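Below is one structure, written out as structure tokens; comments come after it.
Laboratory data are not the source of any read-out in this text; all were calculated from the coordinates shown. The structure displayed is predicted, hence computed values, not measured ones. Glycine also receives a Cβ, built like all others from the backbone with ideal geometry; neighbour counts cover every protein chain displayed.
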Amino acid sequence: MVEAAELEVSLRHAIAADLEMLAAIHDREPDAEMVGVLQSSKFPLCLTLPLDDPEAVVAGQVMAAILDSFGSALSAEDADELAASYADVYLLNGCGCSPYASPWLDKDGLVRQEPMLDVRAWFARHHLRVPDSALRADDHLSMLLLFLAHLIRSGDEKAGDEKTGEVEAAEFLSRYVTNWLPSFAKALVSRHGPPFYAALAVLTSAYTEALAALLPEVEVPVAAPPEPVCAPRDHVHF
């Protein structure tokens, strides 16, 4: 286990950039510019933390093959397919599993419940908020990843309750990310979700697990997540 003080500034910033990249891909359907960035950076090989889990290795190969198949320019047909795949997973809940934390963590499997309110309170303590959260709940996966990036960047700075950013990141990961994200990824794979997003979910889950292994150990009660339920439609892009 690497102590918080051992995470150097350069490593913290690299991890935060990774989290922001992952958040952006979960946030909206890729356009030609995003695909070009992913191709030029050789995503997911560009990620700072090694993802050695066999499932993550396969997911990385799938993602690399998909990006390579687009060639030097994203065609209109491929762009439309990516947009439809994004809508299926994140807007229409076509795979029957939510990209929000609440349905996985709430005892009744409902959206916008106590887990989301808890996440909102974390954001508020850091003077952050989700724009127009009436349309996109605070506990959307992309928002969770962006907040983690913020905590990791703050590093050894003390928060209001005297916890460092890395201690807070470890606690936040355990409470609101790693206790449901693996189930989301497995559901997308087992339900034959769009390969691009199934691979992305597996990679994101593996990355957050690898990040948790670098952060200080925290004791957080972990409840078994309920079965996946439908998420509300979401029509806002950030």
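Per-structure values
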| quantity | calculated |
| --- | --- |
| Fully extended contour minus Cα-Cα distance, from Ala84 to Leu135, at 0.36 nm per residue | 16.4 nm |
| Mean Cβ neighbour count within 10 Å, used as a protection proxy, ranking 114-127, 9-22 highest first | 9-22, 114-127 |
| Residue-averaged [θ]222 nm for the chain, counting only DSSP H segments that reach four residues, each worth -39500 (n - 2.57) | -17000 deg cm²/dmol |
| Virtual spin-label span in nm between Glu114 and Leu91, 7 Å along Cα→Cβ | 3.4 nm |
| Directionally averaged projected area (convex hull, Cα atoms, the chain), nm² | 12.2 nm² |
| Coarse-grained scattering of the stretch 23-122 at q = 0.10, 0.13, 0.16 Å⁻¹, given as base-10 log I(q)/I(0) from a Debye sum over alpha-carbon atoms | -0.38, -0.63, -0.88 |
| Surrounding net charge for Val119, when Lys and Arg each add one and Asp and Glu each subtract one, Cβ distance under 15 Å | -1 |
| Label-point separation in nm, Ser10 to Val57, each point 7 Å along Cα→Cβ | 2.8 nm |
